[in-house]
């Protein structure tokens, strides 16, 4: 399994392309034209699983201040 870290420092554009009936490609690309090396990556797979992962991520990020203050 590969693990890659992408650094996002500006607003992003999100593109979704249907590959097959049960596969989508999601592209996340930074919009800032002044960045020397803007982040641009894709995730491909089952749309339900990608949506679940992104929804979980959004839930954590929305509450990040509270989560960081709670004892481990």
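Hey, can you tell me all the residues within region 10-25 that are surrounded by fewer than 10 Cβ atoms within 10 Å (Cβ to Cβ) and either over 11 Å from residue 44 (Cβ atoms) or touching a residue at least 60 places away in the same chain (Cβ under 8 Å) (or both)? Before the answer, list the steps.
As a first pass, look at region 10-25 and keep what is surrounded by fewer than 10 Cβ atoms within 10 Å (Cβ to Cβ): 11, 14, 20-21.
Correct list: 11, 14, 21.
Between 53, 58, which is surrounded by 11 or more Cβ atoms within 10 Å (Cβ to Cβ) and at pLDDT 95 or above?
Details: 58 fails: surrounded by 11 or more Cβ atoms within 10 Å (Cβ to Cβ).
Just one listed residue meets the conditions, 53.
Mind checking whether some residue in region 33-49 is modelled with pLDDT of 95 or more, in a loop (DSSP other than H, G, I, E, B) and in contact with a helix residue (DSSP H, G or I) (Cβ under 9 Å, 6 or more places away or on another chain)?
No, region 33-49 contains no residue that is modelled with pLDDT of 95 or more, in a loop (DSSP other than H, G, I, E, B) and in contact with a helix residue (DSSP H, G or I) (Cβ under 9 Å, 6 or more places away or on another chain).
Starting from region 54-72, take each residue that is more than 24 Å from residue 27 (Cβ to Cβ) and list its partners that are at pLDDT 85 or above, counting only C-beta distances under 7 angstrom and pairs at least six apart or across chains.
From residues that are more than 24 Å from residue 27 (Cβ to Cβ), the pairs are 67/60.
Mind listing whichever residues of region 26-53 are touching a residue at least 12 places away in the same chain (Cβ under 8 Å) and under 12 Å from the mean Cα position of the chain (by Cα)?
Once the filter is applied, which keeps residues that are touching a residue at least 12 places away in the same chain (Cβ under 8 Å) and under 12 Å from the mean Cα position of the chain (by Cα), region 26-53 yields 26, 27, 28, 29, 30, 39, 40, 41, 42, 43, 44, 50.
In this structure, does residue 3 turn out to be surrounded by 12 or more Cβ atoms within 10 Å (Cβ to Cβ) and out of contact with any helix residue (DSSP H, G or I) (no Cβ under 8 Å at 6 or more places or on another chain)?
Working: surrounded by 12 or more Cβ atoms within 10 Å (Cβ to Cβ): no; out of contact with any helix residue (DSSP H, G or I) (no Cβ under 8 Å at 6 or more places or on another chain): yes.
No; evaluated as a whole, the condition is false for this residue.
The values are calculated or read from the model by the stated rules, or taken from the named source; none is laboratory data. The structure presented is a predicted model; accordingly, all values stated were derived computationally and were not measured. Cβ atoms come from the backbone with ideal geometry, glycine included; neighbour counts cover every protein chain shown.
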